[in-house]
1. What ranking do 109-116, 58-65, 163-170 get when scored by the average of other Cβ atoms within 10 Å per residue, highest first?
2. To the nearest Å, what is the center-to-center distance of the range 157-186 and the range 51-118, using C-alpha atoms only?
3. Over the range 107-159, what is the relative contact order in whole percent, taking alpha-carbon pairs under 8 Å and six or more residues apart?
4. Cα axis of helix 183-198 to longest principal axis of the chain: angle in degrees, 0 to 90, nearest 10?
5. With axes computed from alpha carbons, what is the tilt in degrees of helix 113-123 against the longest principal axis of the chain, rounded to the nearest 10 within 0 to 90?
6. How far apart, in nanometres, would the label points at residue 118 and residue 106 be if each is projected 7 angstrom from Cα along the Cα-to-Cβ direction?
7. What are the extents of the Cα atoms of the range 107-159 along their three principal axes, in Å, largest first?
8. For the chain, report the translational diffusion coefficient in µm²/s to the nearest whole number, using Stokes-Einstein at 37 °C, 0.692 mPa s, and a Kirkwood Rh over Cα pairs.
């Protein structure tokens, strides 16, 4: 294989191509250069923790992967099972199986818990049926007729994850799933995410609570000012005090 072939040709020709691949992504907010050539792979059924200090480019990278309107991606390639995600709009990426659970949870006002879930199934009917969702989220089953925006923060996070599961998922993107939650609720969300891990979901998690994310993850990628400074075992980060202190301030 010629070394001069474009990345896309190389990836398609490689039978060992990763399940999910981010290649040299560059992203901007106006002229602010936020994501500066980020590359990493995620294997099938793997959880990757995407970590870094505030402003490192974590959420911007996640939004670039999900093909959100912002930041503006000005270079690079993203592949999911060989499909070129970087050529898609956000709704096309969602239909391809990339499901983002955003930090603000984006619960739809004026709809009940169940209506939020049904709407997700209408948009993409290949996900979990309601019975399966309620089996894994009994608290949502109890509140199925309650307006989604009136739920507690932890319950809204459960609904945001459940809504993603109601769609066809190939990779789940979790942006700050523990943000603003009491420790007891964080443990509940951790239990749900561990259950999803055991079910074999492929996920990327961005989380300021780096220790919690590392305990959940198989691998970690650490960003610093928009570039990758570590890509390897999550356990190694947990055990490396110097690495944690320098890039995660823990």
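Quick note: the coordinates plus some simple rules give every number you see, no bench work behind them. Quick caveat: nothing in here was measured; it's all calculated off a predicted structure. Heads up, the Cβs are rebuilt from the backbone with ideal geometry, glycines too, and the neighbour counts pull from every protein chain shown.
1. Details: 109-116: 16.5, 58-65: 24.1, 163-170: 21.8.
Ranking, from highest mean packing down: 58-65, 163-170, 109-116.
2. After rounding, the separation between the Cα centres reads 13 Å.
3. Values: 46 pairs, mean separation 27.9, N = 53.
This gives 53 percent for the range 107-159.
4. 70 degrees
5. With rounding to tens, the tilt is 50 degrees.
6. 2.2 nm
7. 28, 22, 17
8. 176 µm²/s
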